[in-house]
Amino acid sequence: LAKTTQPISMDSYEGQEVNITCSHNNIATNDYITWYQQFPSQGPRFIIQGYKTKVTNEVASLFIPADRKSSTLSLPRVSLSDTAVYYCLVGGRYSSASKIIFGSGTRLSIRP
Amino acid sequence: NAGVTQTPKFRVLKTGQSMTLLCAQDMNHEYMYWYRQDPGMGLRLIHYSVGEGTTAKGEVPDGYNVSRLKKQNFLLGLESAAPSQTSVYFCASSPLGLTDTQYFGPGTRLTVL
């Protein structure tokens, strides 16, 4: 089971770079790492997905070391609107659904 | 495109009553999912479907049934509601596998008294 561990909460200030780390020691060879963002009273929204090294899109970057036992979501220059819960998921495309677990996520609070 | 829609948005039931939650997607996705989210918790997968006419159990399937008679619709049924089923229910869909980008609906807030 590809269990993930994230910090329960983090605080930062507008304009700062925020890095949220997810630990996934039991990641399998075929597993991908996916991050979602959830605002209050809304469904989660896909942010970024990666397999190894670094992935960047218009919203965030994802850093994955060579051993793939952890990953770091990087949010550049955060704003108040980045206050949300962030979930790290690990699983392969053909994994059993029981292996896709959202966990409790990281509650990120951004202050002015 | 409307994406993923859920009906109803809110519902209050009495213990023992039954109801059906409807999820619809207009993206022609193969996979559809039903999750529940309790206060302060992450999402837990109830049931999912890998295509029209198929369903499978997720992490917490007990007390729920599902059907996928049409590709665009995924129904979640509660035959005899219990207070423990008070939660926010999210439907999602994805094009292919479970780790493809999942597109979520706005949620249904269900209270069972």
Under a Gaussian network model of chain B whose springs join Cα atoms within less than 10 Å, the largest fluctuation of B:Glu59, B:Glu30, B:Glu79 belongs to B:Glu59
Using eta = 0.890 mPa s and T = 25 °C, Stokes-Einstein with Kirkwood Rh from Cα pairs puts D for chain A, in µm² s⁻¹, at 174 µm²/s
Hydrodynamic radius by Kirkwood for region A:1-46, inverse mean 1/r across distinct Cα pairs, in Å, is 13.1 Å
PRE zone check, label point 7 Å out along Cα-to-Cβ of A:Phe46, amide N under 19 Å, scope region A:1-32, hits A:30-32
For the A:Lys69, A:Arg111 Cβ pair and Förster radius 41 Å, calculated FRET efficiency rounded to 0.05 is 0.85
Computed for region B:5-90: size of charge dipole around the Cα centre, +1 on C-beta of each Lys and Arg, -1 on C-beta of each Asp and Glu, debye to nearest 20, value 180 debye
Computed over the protein assembly as shown, the Cα gyration tensor eigenvalues, each multiplied by 5 and square-rooted, give semi-axes in Å (largest first) of 30, 20, 16
With 0.36 nm assigned to each residue of separation and the Cα-Cα distance removed, A:Asp11 to A:Thr83 gains 25.0 nm
Between A:Thr56 and B:Ser84, the FRET efficiency computed from the C-beta separation at R0 = 45 Å comes out, to the nearest 0.05, as 0.60
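Where a number appears in this text, it was derived from the coordinates with a stated rule and is not lab data. Source: prediction; values computed, not measured. With ideal geometry, Cβ positions are generated from the backbone for all residues, glycine too; neighbour counts draw on all protein chains shown.
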